[in-house]
Amino acid sequence: MSNLKYRRDIDGLRAVAILPVLLFHAGISGFSGGFVGVDIFFVISGYLITSIIVREVTEGSFTYKDFWARRARRILPASVVMIIACLAAGWFLLAPNDYYDLGRSAREQAYFAANFFFWQESGYFDGPSELKPLLHMWSLAVEEQFYVVFPLIFLLAHKFIPRFKFLLLIAIFIASLTASILLIESSPSATFYLLHTRAWELLIGSLLAVAPVMTKKHNIVYELVSLISLAVITFCVVSYNEHTVFPGAAALLPTLATAAIIWANSYHNTLAKRFLSIQPMVWFGLISYSLYLWHWPLMAFTRYNAVEELLLIDKLMLVIASIALGYLSWRFIETPFRLRQLLATDKKILWAALAALIVIAIIGQQIRRTEGYPPRLPENARNFAIASEWEKYQKKCYKLKPEQVAAGEICRFGDEDQTKPELFFWGDSHAAAYLPAIKSKTEQHGILTLHASKSGCPTLLGGERPNDPSCAAFNKSMLKNLHNSGTKNVLLASRWSAYVYGEYENSNVAMLYSGSDKDKSVAEAKQIFSAHLTQLVTDLRAQGFSVWLAKQVPLQTVGEMYHELTIRAMKNLDTSSIGISLAQHSERQAFANSVLDGLAGEGVVILDPTSMLCVDDFCPAQRNGFSMYKDDNHLSVQGAESVQELFEPMFQSITETPKNNQ
């Protein structure tokens, strides 16, 4: 049913896509579901590009050279300028680790693989997405990957199974949609970022483009369909939020509604079509691509360098600035290339595109190779910035594969000449945070330590989080490894309070529960925590183990601590006041500490880092010009090294105990 005549209403529909995205990303209330604008773009793109492919394939004039020359002319000039501008701005504004990540993301987008990069980076310690200037490029990567594959499939189907090409597209659509629905719970990040679970959204537009043309007119139907579909999109924009399981089945509403609007407006000049065709809507539609490109980096850099929460006036100014940048990009970059005023021939645009992408890839790789080039920052800012990274052995030990842990292939530190380890160290990511201290003391005392940790997995056999079966498997494997190790000394460390109260202060979202997650409560979490930790320690003591329990470090209130301190140092602002009071720490840890203290006794020793991290009733985030924290709860390498002496009594006890009595 494709009609390649210019349609103002489709530009207006682009406005319906970009404006919610813009306002959602700016943090304007009332647009919590504005992210569906990207899905609207997918449908529009699928419809328009497939319409062109269908026409040219039917006429026998389709060539990949012409196709990619058009794509290059349409998407690359503005995106290349934007990426280079981001790399330049990052030199002055970003901490080394973040500039390193920016360089990597730019390099990956040069290969149209940014979606893979952000998927792989969306792990436990991934920084806030709103601070990543090129995060929005994932959607462009998905589109370009789609257009690498789709024309080939369509050409082959047209040649060998022309009567069934529509059915083939339907089959691929169903397969992709099914994958999106089935995988969204188990693999939400991959489902969000990758082509195989997003292709169906573009295919909705493709199917619309190849669908048979209706011969009968049903004007009242077209009016109703278009108006209801606009209402559906509005509903999604205002009612969807961060808790919506997305894409999956939830993405059907905005994508089908978009297709329905295009379909209805193809047959009748509906009220919705007339609204979408008014000049303001068309204008926003015309600049929508450039607006999409520039709004996100502007907002990301602004938030990155803000030391306070943005006010409403700040957000509105960001919206206005984004629109201005989008217009300038459309007027002076997009338009001259689109009208062939620059690089007029296909050969020139393709060679220029290739050269530009190679340059971006080289620059990105160089930034990666120099690890964000730390010397460009003042020394005090560099010292804070190094807290963003853990040591390689820390990352390795909390990312061990389940089969490695099950096979006993866990981390080893200290004297490798010893045949039997003398300490078994077990816990969640807070145990991994202590590793620099444990490793240093292990080597200092000349013993062998075994260790493995798993993020978000408390050492509570039988009391693990119900929504994480891998945690129970990890703990069982670790208990087996402990028994097989031959040592009689075990150190346990976890973010104890998080499993009772949730990750953040005052959240009261229990992570331990026995039934449905809808029925979980702090009271039940306390009971599970106390009972299972007590049982584990009791069992270990009955089996002759000496047990050390490390209490939790003070939790800070700033999410990315290295970032906060680095930015303050770059702006010559005070960093000494960043921290929490000892009273706040004590209150947050009161229950967990009472359980741990209640377990103290013969063969059970409690290790408390509080006195080493808090001075004069204050627990600072930095000391001597270095961040004690990687984020708001994990110690940095420097923070861990500062509490080494916390573990000295344990190591002395181990080394003073005759080995044949262990």
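The values are calculated or read from the model by the stated rules, or taken from the named source; none is laboratory data. These figures come from a predicted structure and were not determined experimentally. In this analysis, Cβ positions are derived from the backbone assuming ideal geometry, glycine residues included, and neighbour counts consider all displayed protein chains. These area figures cover heavy atoms from the full protein model, side chains too; ligands, DNA and RNA do not enter into them. Shrake-Rupley method; radii C 1.70, N 1.55, O 1.52, S 1.80 Å.
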Of the conditions (1) under 26 Å from D632 (Cβ atoms); (2) buried (at least 20 other Cβ atoms within 10 Å of the Cβ), S594 satisfies every one except a single condition; which number is it? (2)
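Every residue, every condition in (1) more than 19 Å from S105 (Cβ to Cβ); (2) open to solvent by less than 10 Å² (accessible area, probe 1.4 Å), yes or no:
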residue: I261; (1), (2): yes, yes
residue: A272; (1), (2): yes, yes
residue: I278; (1), (2): yes, no
residue: F284; (1), (2): yes, no
residue: S322; (1), (2): yes, yes
residue: R331; (1), (2): yes, no
residue: I358; (1), (2): no, no
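Test Y222 against the criterion of being crowded, with 21+ Cβ neighbours inside 10 Å and closer than 22 Å to L19 by Cα, and give yes or no.
For Y222, the condition - crowded, with 21+ Cβ neighbours inside 10 Å and closer than 22 Å to L19 by Cα - is not met.
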If you check every pair at least six apart or on different chains, which have Cβ atoms under 6 Å apart with a residue in segment 411-429 that is farther than 21 Å from V553 by Cα and in contact (Cβ under 8 Å) with a residue 40 or more places away in the chain first and a residue that is open to solvent by less than 10 Å² (accessible area, probe 1.4 Å) and in a loop (DSSP other than H, G, I, E, B) second? P421/T487; E422/I447; E422/T487
I'm checking my understanding of the structure. Among residues of segment 597-625 that are closer than 18 Å to L565 by Cα and open to solvent by 50 Å² or more (accessible area, probe 1.4 Å), which one is modelled with the highest pLDDT? F618
Identity of the residue in segment 535-566, among the hydroxyl-bearing types (S, T, Y) and touching a residue at least 60 places away in the same chain (Cβ under 8 Å), that ends up nearest to L582 (Cα to Cα): T557
When only residues in segment 175-195 that are in contact (Cβ under 8 Å) with a residue 12 or more places away in the chain, in a loop (DSSP other than H, G, I, E, B) and of a type outside the set (D, E) count, which is nearest to F116 (Cα to Cα)? L194
K132 vs. criteria over 24 Å from F192 (Cα atoms) and open to solvent by 20 Å² or more (accessible area, probe 1.4 Å): no
Among residues of segment 186-226, those that are of a type in the set (A, V, I, L, M, F, W, C) and under 30 Å from H136 (Cα atoms), counted: 13
Counting residues that are modelled with pLDDT under 90 and either touching a helix residue (DSSP H, G or I) at 6+ places or on another chain (Cβ under 7 Å) or acidic (D, E) (or both), which helices (runs of 4 or more DSSP H) fully inside segment 397-497 reach at least 1? 402-406, 469-485
Please state which of the following conditions P162 fails to meet, knowing it meets all the rest: (1) modelled with pLDDT of 95 or more; (2) more than 22 Å from F112 (Cα to Cα). (1)
Of the conditions (1) among the hydrophobic types (A, V, I, L, M, F, W, C); (2) touching a helix residue (DSSP H, G or I) at 6+ places or on another chain (Cβ under 6 Å); (3) at pLDDT 95 or above, A88 clears all except one; give me its number. (2)
Collect the residues in segment 567-583 that are in contact (Cβ under 8 Å) with a residue 12 or more places away in the chain and either of a type in the set (D, E) or touching a strand residue (DSSP E or B) at 6+ places or on another chain (Cβ under 8 Å) (or both), keeping them in residue-number order. T575, S576, I578, G579, I580, S581, L582
